[in-house]
Amino acid sequence: MFFSCSSGEGAFIADEEGTLRSQTDALESSISWSEEIETDRLVKKIDIPEDVASGVKLSPLSVSARVYESSPDKKYPFLSGFTSLDTRNMPQQVKENTVKFCESVKTCTEADSFMASSSLYELALFNNDLDEYFPLKKDDENPDAITEKSRFDYYYIGMETLMNSECEVPVRFIKGKSFLDLTVYFVFSEDSWKIDGFDFVNWENADGN
C-alpha cells in the first residue's frame, strides 16, 4: 500500500488484495470467537472488610485473605488419616486438660490430676501400653536408667465429639516417622471435665522397638 500527498489532488493506490480495512474485516470475520465467561469479574466491586480503613491500599490477595480470616465458614485443616483439627466448639476445660494431658504423655510426667478419681486404674493400664508400644530408650549398661526425656516430639488435637456429659477427643502423637492415634474420653462430673479412659486407635513405631 502506498499513499502520497505530494500533489494537491493526492493519490491513493491499493494493492490487489484490497485496502487495510477490507483485510481487517476479512480477518475478523474468519476468527471463531468463544462465548464470554464471567463477564462481571473485571467490573465487579470487591467488598472491603468493615474493619479496614477506606484509605488503606490493599491488593486483591490481601483482601481475599482478610475476608477469609473473618469468615465464619472458613475451612480448618484436615489431617490425612486422622480427622479435622477444628476445635472451636470444644469446651474450654476439655481443651485445656487435653493439652495438659498430651504434654504429660509427651514429656513422661504425671497425669493423675487430669483423671476422674474412679479412673486412675485406666491411667496405669495406659502407661503400661505406652511402655510396650513406645518404650523409652534406656542405658545399655544400666537398664533402669532412662536416657530419653521425651516419648514424643509433638501432637495434634482433633475435633471433639460431644454427647451431653461425655466428650471424646482424638489425639495424634508424633515421633519421627512413628505415630500413635488415641481417643481420650472425658466425663463431666462435679462441675468439671475429667479424663475417664483411653482407646488406642492406630499406631506405628517406625523404630521397631
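The values are calculated or read from the model by the stated rules, or taken from the named source; none is laboratory data. Predicted model, so just to flag it, every value in this text is computed and none were measured. In this analysis, Cβ positions are derived from the backbone assuming ideal geometry, glycine residues included, and neighbour counts consider all displayed protein chains. Note: areas computed on protein heavy atoms with side chains; ligands, DNA, RNA excluded. Shrake-Rupley method; radii C 1.70, N 1.55, O 1.52, S 1.80 Å.
For ARG172, ARG21, ARG88, the ranking by accessible surface with the largest value first comes to ARG21, ARG88, ARG172, using a 1.4 Å probe.
The string of couplings for region 78-85 from the Karplus curve (6.51, -1.76, 1.60, θ = phi - 60°) is 10, 7, 4, x, 10, 5, 6, 9 Hz, one whole number per residue in order, with x for Gly and Pro.
Legend: calculated FRET efficiency, MET163 to LYS137, from the Cβ-Cβ distance at R0 = 35 Å, rounded to 0.05, equals 0.35. If you sort PHE188, PHE78 by accessible surface, 1.4 Å probe, largest first, the order is PHE78, PHE188.
Farthest toward the positive end of the dipole of region 94-204, out of CYS167, TYR121, PHE152, is the Cα of PHE152, where the dipole comes from beta carbon charges about the Cα centre.
Determine the gain in length on full extension of the stretch GLU110-ASN128; use 0.36 nm per residue of separation and subtract their C-alpha separation, reporting nm with one decimal. Provide the component values of the computation, followed by the final result.
Working: separation 18, 0.36 × 18 = 6.48 nm, distance 1.35 nm.
Difference between extended and current length: 5.1 nm.
FRET efficiency for the pair ASP153 and GLU96, taken as 1/(1 + (r/R0)^6) with r the Cβ-Cβ distance and R0 = 25 Å, rounds to 0.70.
Extension gain, ILE31 to LEU79: 0.36 nm times the residue separation minus the Cα-Cα distance gives 12.3 nm.
Computed on the Cα trace of region 85-200, the radius of gyration divided by the Kirkwood hydrodynamic radius gives Rg/Rh = 1.00. GLU103 sits with roughly 70 Å² accessible to a 1.4 Å probe, with DNA, RNA and ligands left out of the calculation.
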